[in-house]
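A short write-up of the structure that comes next.
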Amino acid sequence: MITIGIDPHKASHTAVALDGGGRVQGELRCLANQATLERLLRWAERWPERIWAIEGAAGLGHLLAQQLVAREETVLDVPATLVARARLLAPGHGRKTDGIDAASVATVAQNQPDLRRVGPEDHSAVLRLLSDRRDELSGERRRAVNRLHRLLRDLRPGGAPTELSAARASELLGHIRPGAVVDLERKAMARALVADLRRIDRALVENRARCAVAVAASDTTLTDIVGISDVLAAKILGHVRDITRFGSADRFASYSGTAPIEVSSGEVTRHRLSRSGNRSLNNALQLELRRLGAEHPSMRLLMTVPGIGWVLAYTIASEIGDIARFASPKKLAGYTGLCPLVRQSGGKDRRGPLAKNGPTYLRWALIEAATHAARDPRYRERYERTKQRLGRQRGAKVARVDLARQLAEAIWHVLTKNEPFHPAGPAMGLVA
């Protein structure tokens, strides 16, 4: 079996053929034009059993990959990151040429059995185009509004309201009577930006309608989920494409950047949030979570507690469950594992390290919340006092844990009494 690796560029493509032992059997460089496909196929006729591997088959190599698939050729998509690693590990002291890159593409294809096989474009490509177009329009609108804010700030005292529409901007400009020549030019530019804003708004409305039609044609059930609009469904379906390419829910979570990354060492097991994966898909899932959270009463209450945003509120609410199963704030604090171990014998009372016997993610969320709440005036004094009392080496860490326990008790009061957080007082006494 011959593997033909291709390093695509805008103006040219370089192909290298490797046999099963990794030996080069041929190399070809051709210009990217109407004759490229036929020239590559004629060159590859000598190897009837062949596989094509293209670096970035969804990017610069997209057109060539689709042309080869239309000719019933087997085409694999090779990520550029894997190609770069293969090139560094290959002999040649890290030299980089188009031929070496093409050979590295073929090498990766021979040694990675789980590479994506390129197929003909389907309806998901239409959804992806519509979604990307909406992102471009939204970015263009944001830039136009920012420019309007800048000009209106120099034309009228106080500038314009934060939420600025084309109608509101036009109304403000109608009341401005510039005297200087430079202000006349500013107003003319602002008028042009208002016209751009109206055009973009019309394009966004049209895009939403086309997304609705395309999503309906896909026969998806995503829109049955509360909070997922046609626009959001188009983004998710366009980026996911064929869901069967993910072997499990864990693989999909890793692809979307929602799975935590393990950063353990020795006996310590830790995880952190992933910053990798498909960020557009990750953003779409976060938008859906925010919509769902806005309708959940516990989420709204938890977000009134200092240091708790919507991500931490989701984590805390899901880990605590029904607050009624905790009879007191001390019970909830003990459940978090943030209380020290107590060893009593006779008249001796010794306190050891943290129990850490509760849910790991709940404990993490409370520590994160405490880190932010330490800057809140309602908790800053206690935090600084504990920190100074224990010294620089362990004072900050112990003060955060102490503050996390106070937040856990405050959360119990907030959820039990179904009232927003407010400072300690004779009525509620939320802060211990």
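The values are calculated or read from the model by the stated rules, or taken from the named source; none is laboratory data. Model, not experiment: these values are computed from the prediction. Here the Cβ is made from the backbone with ideal geometry for all residues, glycine too, and neighbour counts use every protein chain on show.
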### Message
Here are the criteria: (1) in a helix (DSSP H, G or I); (2) under 23 Å from the mean Cα position of the chain (by Cα); (3) surrounded by fewer than 17 Cβ atoms within 10 Å (Cβ to Cβ). Tell me which single one LEU184 does not satisfy.
### Response
(2)
### Summary
Checked ALA44, ALA32 against criteria (of a type in the set (A, V, I, L, M), touching a His at 6+ places or on another chain (Cβ under 7 Å) and not assigned by TED's automatic domain parsing to the domain that holds GLY277); the one match is ALA32
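When you scan the range 1-50 for strands (runs of 3 or more DSSP E) that lie fully inside it, which ones turn up with 2 or more residues that are surrounded by 14 or more Cβ atoms within 10 Å (Cβ to Cβ) and free of Cβ contacts under 8 Å to residues at least 24 places away in the same chain?
Details: elements: 2-8, 12-18, 24-31.
Passing ranges, in order: 24-31.
Name the single residue, out of those in the range 142-164 being in contact (Cβ under 8 Å) with a residue 12 or more places away in the chain and outside any helix (DSSP H, G or I), that is surrounded by the most Cβ atoms within 10 Å (Cβ to Cβ). Reasoning before the result, please.
So the first thing to find is which residues in the range 142-164 are in contact (Cβ under 8 Å) with a residue 12 or more places away in the chain, and the list is 144-145, 147-149, 151-152, 154-156, 160, 164.
Those left that are additionally outside any helix (DSSP H, G or I): 156, 160, 164.
Numbers: ARG156: 14, ALA160: 21, LEU164: 19.
Top of the filtered list is ALA160.
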### Message
Let me spell it out: the conditions are (1) part of a helix (DSSP H, G or I); (2) modelled with pLDDT under 85, and LEU403 meets all of them except one. Which number is the exception?
### Response
(2)
### Residue within the range 51-64 that is outside any loop (DSSP other than H, G, I, E, B) and farther than 17 Å from ALA32 by Cβ present
yes
### Task
Scan the range 301-312 for residues that are surrounded by 14 or more Cβ atoms within 10 Å (Cβ to Cβ) and not β-branched (Val, Ile, Thr) and jot them down.
LEU301, LEU302, MET303, PRO306, GLY307, TRP310, LEU312
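Quick check on LEU403: is it more than 24 Å from PRO260 (Cα to Cα) and crowded, with 22+ Cβ neighbours inside 10 Å? Steps first, please.
Numbers: more than 24 Å from PRO260 (Cα to Cα): yes; crowded, with 22+ Cβ neighbours inside 10 Å: yes.
Yes, satisfied.
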### Task
Kindly provide the set of residues from the range 60-83 that are surrounded by fewer than 14 Cβ atoms within 10 Å (Cβ to Cβ) and free of Cβ contacts under 8 Å to residues at least 12 places away in the same chain, ordered by number.
LEU63, GLU72, THR81
### Query
Residue check, ASN282 against (1) part of a loop (DSSP other than H, G, I, E, B); (2) free of Cβ contacts under 8 Å to residues at least 40 places away in the same chain, all met but one. Which one?
(1)
### Query
Within the range 219-232, restricting attention to residues that are touching a residue at least 40 places away in the same chain (Cβ under 8 Å) and part of a helix (DSSP H, G or I), which residue is surrounded by the most Cβ atoms within 10 Å (Cβ to Cβ)?
LEU232
### Message
So for the range 195-218 (the condition being without any contact (Cβ under 8 Å) to a residue 60 or more places away in the chain, under 17 Å from the mean Cα position of the chain (by Cα) and farther than 30 Å from ARG153 by Cα), does at least one residue qualify?
### Response
no
### Query
Taking GLY358 and the conditions (1) in a loop (DSSP other than H, G, I, E, B); (2) surrounded by fewer than 19 Cβ atoms within 10 Å (Cβ to Cβ); (3) modelled with pLDDT under 85, which numbered condition does it fall short on, given that it satisfies the others?
(2)
